[in-house]
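For reference, the structure discussed in these notes is given below.
What follows is calculated from the coordinates using simple rules that are stated; it is not laboratory data. Here the structure is a predicted model, which is why all the values come from computation and not from measurement. Please note: Cβ atoms are built from the backbone with ideal geometry, for glycine as well, and neighbour counts cover all protein chains shown.
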Amino acid sequence: MKYTLVLLRHGESTWNNENRFTGWVDCPLSEEGEQEAIKGGRLLKEEGFTFDKAYTSTLKRAIKTLWIALEQLDLMYIPIVNNWRLNERHYGALQGLNKQETVDKHGKEKVLEWRRSYDIPPPEVDENSEYFPGNDPMYKDVPKSELPKSESLHSTEQRFMPEWEAVLVPEIMSGKKLLIAAHGNSLRALVKHLDNISPEEICELNIPTGVPLVYELDEDLQPIRQKDAIPPLSGRYLGNQEEVKQRIGAVLAQTK
């Protein structure tokens, strides 16, 4: 192995707990989510991981997860970069809605199409809505034309992957050990690229909250398959593997 990269999906948020479409809504971690972040940080500490720099989104659930993990690692002093391109997929007009109630209203097939298809986005949010990023001072320095009104996994990938190639790849190849704390869909976009996963297969992939995912990369940044890797991923989740598999299943069950 030549490089190590660790990915961490934020801990459970209050809206995860309420089974609501969250997207870019800046809701906090739940109490359970904070405990997941503590456990994730401790797992990294126990296995001797250390980092030179961390990247996260502009959303507090990912930021707080990163802070908590770094606190467990005694690494709160390392540089942290917040970038909106690491944000969760924007769920458009679905944001704020309960996932199961949305299924009951629109039918499972339509909601799964919005939620799990590779390139079909949900209905767009109106520009007058509180959920349009152009109305949020957090994004005042981002051209409004670049801010999404709705996204598919494909458009999330198109938003994030240029940043990976232009910024994060040079950082990794310079020898820096990076920790990326982000979201289910921005991380799915990244593992799709790393493991060359098909659009069909990536739509079925679930990344559990708060569990560190460790990739070992060769000199060409190609992943080296780990012993405990759960296909189609080459990276390995830290911790009890049966618990990890149960938590992967829990993500899928959100819309039954």
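Remarks
- Exactly one residue out of Q158, Q226, Q241 is polar (S, T, N, Q) and farther than 22 Å from K45 by Cβ, and it is Q158.
- Considering the stretch 113-154, and only residues there that are small (G, A, S) and within 13 Å of W24 (Cβ to Cβ), the residue that is surrounded by the fewest Cβ atoms within 10 Å (Cβ to Cβ) turns out to be S129.
- Count - residues of the stretch 80-92 that are outside any loop (DSSP other than H, G, I, E, B) and either surrounded by fewer than 18 Cβ atoms within 10 Å (Cβ to Cβ) or touching a Lys or Arg at 6+ places or on another chain (Cβ under 7 Å) (or both): 5
- Residues of the stretch 117-131 include none that is in a helix (DSSP H, G or I) and either in contact (Cβ under 8 Å) with a residue 12 or more places away in the chain or not polar (S, T, N, Q) (or both).
- Scanning the stretch 125-176 for residues that are under 21 Å from E113 (Cα atoms) and in contact with a Gly (Cβ under 7 Å, 6 or more places away or on another chain) yields V125, K149, S150.
- Scanning the stretch 209-218 for any residue that is of a type in the set (V, I, T) and within 24 Å of A93 (Cβ to Cβ) turns up nothing.
- Of T50, T56, all but one fail to be closer than 18 Å to H10 by Cα and within 21 Å of the chain's Cα centre (by Cα); the exception is T56.
- Selection within the stretch 191-232 - closer than 15 Å to I180 by Cβ and assigned to a loop (DSSP other than H, G, I, E, B): I207, T209, G210, V211, P212, L221
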